[in-house]
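This report concerns only the one structure given below.
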Amino acid sequence: MAKKVDEPRVNNEIRAKEVLLIDDKGVKLGVVPLSEALDIAAERELDLVEVAPQASPPVCRILDYGKYKYQLQKKEKDARKKSKSQTVKEMKMRPKIDQHDYEFKTKAIRNFLAAGHRVKVAVFFRGREMAFLDKGREVLERVIRDCEDVGKVEMEPRMEGRYMRAMLAPLPQSQKNKKKEPSKASNKEPSKANNDEGNVENNK
């Protein structure tokens, strides 16, 4: 069975005569003969793993290969899990949606965005409602405003058949925190103004 190109070579699979050796503590030991590198790894009861075969000379590390492979698999699994977890949710509304229904659905949209999902918000028009597209646009723009602290517009409202749709994407964590933090300058100004007023009163 053919070996994967990106699979690291271990111990007797390494073909180079000399390698740049990094030990199990992360210390660079310099360029040494392969035989010496294998001896050092054996003394420490660890493996010699070629981590950069394209380098000249190739870079090898002394480590526990079983543990190293497990960590690689865990990273790949986490990456797959993360990519699958971000799904597109859809929330449907009506042009004449009542307040209670609007608040309930907007809360659900905010929860989806906070969980890292993209959300497609759709307003459906029946029959003569197609003459009042502005009502649907108002609903979508209201949703966008009410979710701006947790989501950003990925697709502006546009018509698709009898639906007017907009796409919202979750904000990066750094932007969420920035929106939550009040401006320090704005907080200080009122107190300064109040102090000035107090001083005027005292002077009187």
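Computed with a 1.4 Å probe on the full set of protein chains, the accessible area for L72 sits at about 70 Å². Just the protein heavy atoms count here, and of the accessible area of the stretch 6-138 at 1.4 Å, carbon and sulfur take up 50 percent. With every protein chain in place, what's the accessible area of R145 (1.4 Å probe, Å², nearest 10)? Its heavy atoms expose roughly 140 Å² to the probe. Rolling a 1.4 Å probe across the protein heavy atoms gives the stretch 1-156 an accessible surface of 69 Å² per residue.
In the context of the full protein assembly, H117 retains an accessible surface of approximately 30 Å², using a probe radius of 1.4 Å and ignoring ligands and nucleic acids.
The listed residues I144, I62, once ranked by accessible area (1.4 Å probe) with the largest placed first, stand as I144, I62.
Summing charges over all other residues whose Cβ lies under 12 Å from the Cβ of N111, with Lys and Arg as +1 and Asp and Glu as -1, gives +4. Relative contact order of the stretch 1-65, taken over Cα pairs closer than 8 Å and 6 or more residues apart, is 35 percent.
Once you reduce the stretch 35-62 and the stretch 106-167 to the center of their Cα atoms, the two points are 56 Å from each other. Accessible surface comparison of V51, V143, probe 1.4 Å, protein chains only, largest first: the order is V51, V143. The candidates M130, M91, arranged from most to least accessible area with a 1.4 Å probe in the full protein assembly, appear as M130, M91.
Electrostatic bookkeeping for M164 treats Lys and Arg as +1 and Asp and Glu as -1; over the other residues with beta carbon under 14 Å from its beta carbon, the sum is +4. Here the simple spin-label model places points 7 Å from the Cα toward Cβ, and for K89 and E76 these points are separated by 3.2 nm.
The values are calculated or read from the model by the stated rules, or taken from the named source; none is laboratory data. Only a predicted model underlies this, so the values are computations on that prediction, with no experimental measurement involved. Cβ coordinates were reconstructed from backbone atoms using ideal geometry, including for glycine residues, and neighbour counts include every protein chain displayed. We work out accessible area using only protein heavy atoms, side chains counted, and drop any ligands, DNA or RNA first. Shrake-Rupley method; radii C 1.70, N 1.55, O 1.52, S 1.80 Å.
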